[in-house]
1. Out of 87, 46, report the one residue that is under 30 Å from residue 11 (Cβ atoms), out of contact with any Ser or Thr (no Cβ under 7 Å at 6 or more places or on another chain) and at pLDDT below 95.
2. Determine whether residue 93 is in contact (Cβ under 8 Å) with a residue 24 or more places away in the chain, open to solvent by 100 Å² or more (accessible area, probe 1.4 Å) and not small (Gly, Ala, Ser).
3. Could you list all residues from region 30-58 that are of a type in the set (S, T, N, Q), outside any helix (DSSP H, G or I) and open to solvent by 50 Å² or more (accessible area, probe 1.4 Å)?
4. Yes or no: residue 69 in a helix (DSSP H, G or I), modelled with pLDDT of 95 or more and of a type in the set (D, E, K, R)?
Amino acid sequence: METTNPNSLEISSQFYNHAADLMLNQEKSAHEAKSSLISQGLSPENAAFVVENIEEQIQESKNERARKDMIYGALWFAGGTILTLSNIGFIFWGAILFGGIQFFRGLMNLNS
């Protein structure tokens, strides 16, 4: 008995859109989304495939956002520190603080 994963092209985009709407807009769990897809006539294997793909896309999007927060936070922190140390008469504590917070927020989001 050979098991194959269904091709995402074989599954209607209607099912993907419905599952994404449930998981993102209505904040339903993956199990609830899978149950809803099954009740709409999708096989349990295909429903699980759709939900897993959407979960992967959500996680990739969160990781990308976290990496951007880390980059921009590091840039703000470094820029504020460099300008403060350049002795031009100002202390750029706002940029340093904002950059540090943004960097660590991104780091925490990436690790969660």
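1. 46
2. Taking the combined requirement at face value, the residue does not satisfy it.
3. Matches in region 30-58: 40 only.
4. Considered against the rule, which asks whether it is in a helix (DSSP H, G or I), modelled with pLDDT of 95 or more and of a type in the set (D, E, K, R), residue 69 comes out as yes.
The values are calculated or read from the model by the stated rules, or taken from the named source; none is laboratory data. These figures come from a predicted structure and were not determined experimentally. We place every Cβ from the backbone using ideal geometry, glycine too, and count neighbours over all the protein chains shown. Accessible surface areas use protein heavy atoms only, side chains included; no ligands, DNA or RNA. Shrake-Rupley method; radii C 1.70, N 1.55, O 1.52, S 1.80 Å.
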